[in-house]
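The structure appears below as structure tokens.
The values are calculated or read from the model by the stated rules, or taken from the named source; none is laboratory data. For clarity, every value in this text was computed on a predicted model and none was experimentally measured. As a convention, Cβ positions derive from the backbone with ideal geometry for all residues, glycine included, and neighbour counts pool all protein chains shown.
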Amino acid sequence: MTQTSENQIDTRPLLTGDTVSADEAQAAAELYRELISQHGSPLLVFDANVLREQFRSLQAALPKVELYYAVKAHPDANIIKVIDELGGGFDIASAGEMDLLLDHQVSGRRTIHTHPIKKDQEIRDALRFGATTFVVDNFHELKKLVNYRSRVGVLLRVSFRSASAKVDLSKKFGCSPDEVLALVEQAEQLGIHIKGLSFHVGSQVEDASKHVEAIHACRQLMSQINRQAEKPLSVLDIGGGFPADYELAGFSINTFCAPIRNALAELPSDWHLIAEPGRYLIAPAVTSITSIAGKSQRNGFAWYYLDDGIYGSYSGQLFDHATYPLQVFRGGQTAASIIAGPTCDSIDIVAENIMLPSLEIGDLVVGHQMGAYTAATKTRFNSLPDAKLVVLNASARVD
Amino acid sequence: MKYFKETLYDAVCQEYRVDKLYFESKTEHQHLMIFHNAMLGRVMTLDGIVQTTEADEFIYHEMLAHVPMLAHGQAKRVLIIGGGDGGMLREVVKHPIAHVTQVEIDQSVVDMAIEYLPKHSNGAYNDARLNLVIDDGFNFVNTFAASDNEKFDVIISDSTDPIGPGEVLFSDDFYRLAKACLKSDGIMVTQNGVPFFQADEVQNTQTRMGALYRDMRFYCAPIPTYYGGFMTFAWGTDNTSASAPDAADLNHRFEALALETRYYNPAIHTASFALPQYIHKAIESA
Ligand SMILES: Cc1ncc(COP(=O)(O)O)c(C=O)c1O
């Protein structure tokens, strides 16, 4: 729900001086004010400990699965550093993402290139970078790999679409399950080895039912192929989709993943299992901090103009269909309000018809769960400065 | 990074312990490292692929330099394309040549090799007969072929792999222009990959170079750190007797030079043109 109508009340989670204990709110506000006085406003605050916690929770929920962080969710050097230290791999889709990893000296051996459609130059760049796993979903893409067939391992992306996914990733990519056998055969004829299957049920799904269905289907396909194939398929990539807790409802990744664990337990134990999580890992680790630059009263609404908005850190509200929990630090009587971004455009509105206490110029407005597909899709519109990313707990905590 | 993992193939990979990192540079899309490994000495890698190690470079450099030089017997003018580490130059200047031109795309590679791989060039960059040209190899042959300069007796293409900066050195146009820089009885040799894993490379070269020379063939040698058994070297010349010199002549030339080699000798020279059946098959299917 990106653009709610003015009549509809915005019901996203909202933390105010009345909903959060005074001590807690004060501590948070003090930290944010201090960061702003040091680094300016707006900011994105990346807490590396939260990322570490998310990574470990997902790893614990899927103990047999190797995690490849989907760099596209938030392509940032500080984030890459933490994933690297945690021993994670990287899912990359462009030369720009590879450059980021190269700067951090991540070996190409720990990456997979997952973009199903590639130009020849992109394949060559990826090979030079050291990525040798590629994803295809049709015959044209297979043919592009013929020249590199001795070097690459190929995953065939199959389409399984979750109805609950906020972001559909199976409409644009993925072959249908009944094309798999033919494509594997065609690949074999071209001398290209398909080493396994991959899928992505869509991002921000409500439950794991589609993952489970896809795992079952892939298991059948791979087993069927392996009964005859000279070179067995042995890799299953279960993609992403693991959700962020935008409702602040106390989401449990362990509960979410339980059916996936069960489905994976039925696979042959020598198969390699991998996943490409983006959102779940990074969303809660980044918080947006903006300042109210101006206010006014128009058409019966209290308007607050922030120094960051839809063309910046809040771009995910448009491109990613996400609604981020907000926090302000005042309480008391609320009124129908509109929170707008800094550009001249009228779609630059962060929250419309939201019940807010009365706020003042200079007040902070905080956005939670803002690590995934936020800064990643920001634009240059109005040539406004980017929200700067500041890192908390950059070095691993000594437990 | 305490280990170097080669990224040449998806399904298999050689892993080297990095005992000491001497040099690392990352330019746009290019990643060069020089490190020490207890078994291999100094190792140079480019874009995740082993380029040369102190322990086994002699096999590669001796075979790519001495086979054409001794087969020719009177080479006076030599062209080396690439070979920035200096190992090829070191072997070439052991011959009684009048002149050697080396074309390297990047001065910094030469400087870096002199500093961090000093045993490779072993002072050869100071040889008075050397004309070091910093230019793209393709550009150089293109310009040289159109000039009146005296052509070369031997051309050695010591390139990186076909995916990467050395890409043009495997193209039809490059082979054609290089031939135009060669005297009528000259010999051109090129590094041509490990066909056990990369049969495509011999096939491509067979098609491209094979169309240009009256005698086009391959010879081979196993270089341990170029994983996969024999490496092939492409051989192109219009002098059809060059690949089978008289054994006594070859012995005589070798002895006259008093070369101190560790892999090359006249018997190896002759034997290296004998190819295993899987390589023959790969070439035939080109
Ligand atoms: C190929 C691929 N892998 C992984 C991801 C990450 O998905 P998520 O953020 O839902 O974990 C995406 C998201 O667009 C994707 O396209």
Name the residue, out of B:ASP153, B:ASP173, that is touching a strand residue (DSSP E or B) at 6+ places or on another chain (Cβ under 6 Å) and of a type in the set (D, E, K, R).
B:ASP153
For segment A:134-143, enumerate the residues that are within 14 Å of chain B (Cβ to nearest Cβ) and free of Cβ contacts under 8 Å to residues at least 60 places away in the same chain.
A:PHE134, A:VAL136
For A:ALA187, are the conditions met, namely being within 16 Å of the ligand (Cβ to nearest atom), touching a strand residue (DSSP E or B) at 6+ places or on another chain (Cβ under 8 Å), in a helix (DSSP H, G or I) and not basic (Lys, Arg)?
no
In the set A:LEU236, A:LEU267, the lone residue that is within 16 Å of the ligand (Cβ to nearest atom), modelled with pLDDT of 95 or more, out of contact with any Ser or Thr (no Cβ under 7 Å at 6 or more places or on another chain) and not in a helix (DSSP H, G or I) is A:LEU236
From A:GLY362, A:GLY332, residue being in contact with a strand residue (DSSP E or B) (Cβ under 8 Å, 6 or more places away or on another chain) and at pLDDT below 95:
A:GLY332
Whether any residue in segment A:276-290 is more than 13 Å from the ligand (Cβ to nearest atom), of a type in the set (Phe, Trp, Tyr) and closer than 30 Å to A:GLU30 by Cα is what I want to check.
no
What about A:ARG157, is it surrounded by 22 or more Cβ atoms within 10 Å (Cβ to Cβ), in contact with a Ser or Thr (Cβ under 9 Å, 6 or more places away or on another chain) and of a type in the set (D, E, K, R)?
yes
Of B:TYR22, B:TYR9, B:TYR60, which residue is in a loop (DSSP other than H, G, I, E, B) and either buried (at least 20 other Cβ atoms within 10 Å of the Cβ) or touching a residue at least 40 places away in the same chain (Cβ under 8 Å) (or both)?
B:TYR9
Filter result for the condition that a residue is more than 17 Å from the chain's Cα centre (by Cα) and either within 14 Å of chain A (Cβ to nearest Cβ) or at pLDDT below 95 (or both), over B:THR207, B:THR240:
B:THR207
Hey, A:VAL146 hits all of (1) within 14 Å of chain B (Cβ to nearest Cβ); (2) within 24 Å of A:LEU101 (Cβ to Cβ); (3) touching a residue at least 12 places away in the same chain (Cβ under 8 Å) but one; which does it fall short on?
(2)
Quick check: is even one residue across segment B:218-238 loosely packed, with under 12 Cβ neighbours inside 10 Å and farther than 29 Å from B:MET39 by Cα?
no
One residue from A:LEU221, A:LEU156 being within 16 Å of the ligand (Cβ to nearest atom), farther than 25 Å from A:PHE55 by Cα and away from chain B (no Cβ under 14 Å):
A:LEU156
Within segment A:73-86, is even one residue among the charged types (D, E, K, R) and closer than 30 Å to B:ALA199 by Cβ?
no
Provide a single number: the residues in segment B:21-77 that are under 17 Å from B:HIS120 (Cβ atoms) and away from chain A (no Cβ under 14 Å).
24
Given the condition within 14 Å of another protein chain (Cβ to nearest Cβ), crowded, with 20+ Cβ neighbours inside 10 Å and not acidic (Asp, Glu), answer yes or no: does some residue in segment A:47-65 qualify?
no
Name the residue that is nearest to B:TYR60 (Cα to Cα), counting only residues in segment B:176-190 that are in contact with a strand residue (DSSP E or B) (Cβ under 8 Å, 6 or more places away or on another chain) and among the hydrophobic types (A, V, I, L, M, F, W, C).
B:VAL189
Restricting attention to segment A:319-372, which residues are assigned to a strand (DSSP E or B), surrounded by fewer than 19 Cβ atoms within 10 Å (Cβ to Cβ) and small (Gly, Ala, Ser)?
A:ALA335, A:ALA336
Let me spell it out: the conditions are (1) away from every other protein chain (no Cβ under 14 Å); (2) away from the ligand (no atom under 14 Å from the Cβ); (3) polar (S, T, N, Q), and A:SER107 meets all of them except one. Which number is the exception?
(1)
Name every residue in segment B:206-263 that is within 22 Å of B:MET188 (Cα to Cα), in contact with an Asp or Glu (Cβ under 8 Å, 6 or more places away or on another chain) and among the charged types (D, E, K, R), in order of residue number.
B:ARG208, B:ARG214, B:ASP215, B:ASP238
Answer yes or no as to whether A:VAL201 is under 19 Å from A:THR114 (Cα atoms), hydrophobic (A, V, I, L, M, F, W, C) and away from the ligand (no atom under 14 Å from the Cβ).
no
The conditions are (1) away from the ligand (no atom under 16 Å from the Cβ); (2) acidic (Asp, Glu); (3) more than 10 Å from chain B (Cβ to nearest Cβ), and A:ASP76 fails exactly one of them. Which is it?
(1)
Filter segment A:111-132 for residues that are without any contact (Cβ under 8 Å) to a residue 24 or more places away in the chain and within 16 Å of the ligand (Cβ to nearest atom); the one that is nearest to the other protein chains (Cβ to nearest Cβ) is A:HIS113
Tell me which residues, restricted to segment A:105-127, are buried (at least 24 other Cβ atoms within 10 Å of the Cβ) and of a type outside the set (A, V, I, L, M, F, W, C).
A:GLY108, A:THR111, A:HIS113, A:THR114
Which listed residue, of B:ALA146, B:ALA178, is away from chain A (no Cβ under 14 Å), over 22 Å from A:ARG151 (Cβ atoms) and either within 13 Å of the chain's Cα centre (by Cα) or surrounded by fewer than 18 Cβ atoms within 10 Å (Cβ to Cβ) (or both)
B:ALA146
Any residue in segment A:229-253 that's in the same structural domain as A:GLY191 (by TED's automatic domain parsing) and among the small types (Gly, Ala, Ser): show its pairings with residues that are more than 15 Å from the ligand (Cβ to nearest atom) and not in a loop (DSSP other than H, G, I, E, B) at Cβ separation under 7 Å, as long as the two are six or more apart or on different chains.
A:SER234/A:LYS195; A:SER234/A:HIS272
Here is a list: B:MET33, B:MET39, B:MET44. Which entry is of a type in the set (A, V, I, L, M, F, W, C), at pLDDT below 95 and outside any helix (DSSP H, G or I)?
B:MET33
